[in-house]
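I have placed the structure first, in the form of structure tokens, so that the comments after it can refer back to it.
The values are calculated or read from the model by the stated rules, or taken from the named source; none is laboratory data. On a predicted model such as this, the values are computed, not experimentally measured, just so you know. Every residue, glycine as well, gets a Cβ built from its backbone with ideal geometry; the counts of neighbours run over all protein chains shown. Quick note on the areas: whole protein, heavy atoms, side chains included, nothing else; ligands and nucleic acids left out. Shrake-Rupley method; radii C 1.70, N 1.55, O 1.52, S 1.80 Å.
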Amino acid sequence: MIYSSDRSSFMEGRSSASERCAEALDTINAKAELGAFLHVNSEGARSAAATSDERFAAGLARPLEGLIVGVKDNISVVGQPLTCASKMLDGFRPLYNATVIERLSDAGAIFVGKTNMDEFAMGSSNETSAFGPVRNSYDHERVPGGSSGGSAVAVASGMCHVALGSDTGGSIRQPAAFCGVYGLKPTYGRVSRYGLVAFASSLDQIGLFSNTIDDMQEVFRVIDGHDPLDATSVHHAAESAAELAAPRIAALPLSRLDGCAPEIVDAYAAFRERLVGLGATVDDVDLPHSELWIPTYFILATAEASSNLARFDGVRYGLRAEAEDGDITTASRSAGFGTEVQRRIMLGTFSLSKGYGEAYYTKAQQTRRLIREAYDRTFESYDAFALPTTPTTAFRLGEKSDPVSMWLSDYFTVSANIAGIPALSLPFGHDSSGLPIGMQLQGPMFSDERLMSLAKGLAASA
Ligand code: GLN
């Protein structure tokens, strides 16, 4: 099984990119019942691996030469399908690469295929995919989390070294926690969104899954940076990864975990102690307005989604359905979008409509500012904020059938997107059934490198 990339073994001739690639493709095949991939790029990956081996032999290896990467199916890769796990885009092949794909490819990465996800990245369990669910590799009757469930399972089960995902409200961190891998949602604007199918543009961010922080750091260095093709991309010099001698950590008080599974509470207490063991000071900080996280997120995310998804009308973009009454748009959108996507479009349309916009959308923009300011004030005195990633470990397929209980499972993750700050989920032990637990570190804007070094320190002290 491929785990961390250890590409020095390629350099020293102990193994080759082609061998590793064959191993990844075999694993994808052998574990097809997990549903992690929607499309496997066998030919393309083999030929890229052969090129990598030639480059190693010629001493021309690029920074990520031979690194095997899975790509969430809402990110554009030329020559591979792009479906967003929706019937709406079935059969579509994009004409250009996302900027992240260009950068990774120039650095020598190998793309093994497109990973399964919740339809248009809306969901927390990967059950809204039009092409079937993804199963958690620890327990096949359980969900992998979502929406980037395929990417999380692909990394957790040795199908690739790292995988790209997108995180609008937790879609990288929550599946990372459920699957026992690292997941990073970078600072908004650090990684170009060009070529990512938009869900909620002011919250969306491309990020990644890995089994080690070393792989995460290497990949982040390549995909980070300004892109003229993304208007929200920021100019920012990379921050030094220097470790803080005595990090000051603000931590969510244990008393705020009343809805959480007892084993999550215990793990969180142990996480705080581990931070103290690293030389950190850990203080309870009850961020104000946390009761507004979920409502603010779901109003903003659905409003932006209703606007972004308006382009799929069966005329300009997307599946075209026959309509006896001539209303192609209604017929196409009813046939192409699943229930959760339709629910979000209706909610978003409602909260933007005349007469309700003030009461909902404008209010949510105001509460967004309050949430941001609460983080700003906290980060005046602290280097990071610690909290669990999820209230429970992976739940069973079909267990959460009402949308609200599903939405509440995002309680700990959505605020980082609302504020635009970086956040990282790290594996932190298992519950008594052996299911992985994830803990989360959030930091001020542009502190991505610092969060990764903190996570590395934690792993080393385990
Ligand atoms: N689970 C959240 C939602 O359904 C987050 C999704 C995401 O980050 N793409 O909206």
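Under 25 Å from the Cα of K363, which lysines turn up, not counting those fewer than eight places away in the same chain?
Straight-distance partners of K363: K354.
Need the list of lysines near K185 for cross-linking: C-alpha distance under 20 angstrom, and skip anything on the same chain fewer than eight residues off.
Partners found: K72, K114, K456.
Compute the FRET efficiency between E19 and S433 as 1/(1 + (r/R0)^6), taking r as their Cβ-Cβ distance and R0 = 35 Å, and round to the nearest 0.05. Write out the running numbers ahead of the final one.
Details: r = 35 Å, r/R0 = 1.00.
So the FRET efficiency works out to roughly 0.50.
How high is the relative contact order of the stretch 110-249, in percent, with contacts defined as C-alpha pairs under 8 Å that are six or more residues apart?
Values: 285 pairs, mean separation 26.1, N = 140.
Relative contact order here is 19 percent.
Starting from 0.36 nm per residue, how many nanometres of slack lie between Y96 and S461 once their C-alpha separation is accounted for? Could you put the intermediate results ahead of the total?
On the way: separation 365, 0.36 × 365 = 131.40 nm, distance 4.34 nm.
Additional length available on full extension: 127.1 nm.
Return one whole number: the accessible area per residue of the stretch 49-127 in Å², for a 1.4 Å probe. The partial results should precede the final answer.
On the way: 2380 Å² over 79 residues.
Result: 30 Å² per residue.
Return the distance in nm (one decimal) between the two label points of a simple spin-label model at L408 and F350, each offset 7 Å from Cα along Cα→Cβ.
According to this spin-label approximation, the distance is 1.9 nm.
Can you give the helix-only mean residue ellipticity at 222 nm for the chain, where every DSSP H stretch with n ≥ 4 adds -39500 (n - 2.57) and the sum goes over all residues, rounded to the nearest 500 deg cm²/dmol? The partial results should precede the final answer.
On the way: 15 runs with 168 residues, N = 462.
Theoretical 222 nm ellipticity from helices: -11000 deg cm²/dmol.
Relative to the compact-globule scaling 2.2 N^0.38 Å, provide the ratio for the alpha-carbon radius of gyration of the stretch 190-346.
Normalised by 2.2 N^0.38 Å, the Cα Rg of the stretch 190-346 equals 1.46.
Taking 51 Å as R0, compute the FRET efficiency from the Cβ-Cβ separation of N29 and E322 and round it to 0.05.
Numbers: r = 37 Å, r/R0 = 0.73.
It comes out at approximately 0.85.
In nm, what is the difference between 0.36 nm times the number of residues separating R343 and A246 and their Cα-Cα distance?
Details: separation 97, 0.36 × 97 = 34.92 nm, distance 4.66 nm.
Contour length minus Cα-Cα distance gives 30.3 nm.
Summing Lys, Arg as +1 and Asp, Glu as -1, what charge do residues with Cβ under 14 Å from the Cβ of H289 carry, H289 excluded?
Working: positive: R256, K363, R368, R369, R372, R377; negative: D286, E291, E373, D376.
Charge balance in the 14 Å sphere: +2.
More than 35 Å apart: what percent of Cα pairs in the chain qualify?
Numbers: 27450 of 106491 pairs.
More than 35 Å apart: 26 percent of the Cα pairs in the chain.
In whole angstrom, how far apart do the alpha carbon centroids of the stretch 341-380 and the stretch 407-462 sit?
Answer, in whole Å: 24.
Could you tell me the calculated FRET efficiency between L229 and A359, based on Cβ-Cβ distance and R0 = 45 angstrom, to the nearest 0.05?
Working: r = 36 Å, r/R0 = 0.80.
The value I calculate is 0.80.
Report, to the nearest whole %, how much of the accessible area of the stretch 83-233 belongs to carbon and sulfur atoms, 1.4 Å probe, protein only.
Ligands and nucleic acids excluded, carbon and sulfur reach 48 percent.
Hey, what's the stretch 326-462 come to in accessible area per residue, 1.4 Å probe, Å²? Walk me through the intermediate numbers first.
On the way: 5560 Å² over 137 residues.
Averaged over the residues of the stretch 326-462, the accessible area is 41 Å².
For the stretch 203-352, what is the relative contact order in percent, using Cα pairs closer than 8 Å and at least 6 residues apart in sequence?
Numbers: 116 pairs, mean separation 25.5, N = 150.
So the answer I get is 17 percent.
Place a label point 7 angstrom from the Cα of T329 along the Cα-to-Cβ direction, then list the residues of the stretch 282-322 whose backbone nitrogen is under 11 Å away.
Label zone hits: 310-316.
Provide the gained length on full extension for the span V315 to Y3, in nm with one decimal, where the gain is 0.36 nm per separating residue minus the Cα-Cα distance. Don't jump to the answer; show the numbers that get you there.
Numbers: separation 312, 0.36 × 312 = 112.32 nm, distance 4.43 nm.
Between V315 and Y3, full extension yields an extra 107.9 nm.
Under the definition of Cα pairs under 8 Å and six or more residues apart, what whole-number percent is the relative contact order of the chain? The partial results should precede the final answer.
On the way: 1080 pairs, mean separation 79.2, N = 462.
Over the chain, the number comes to 17 percent.
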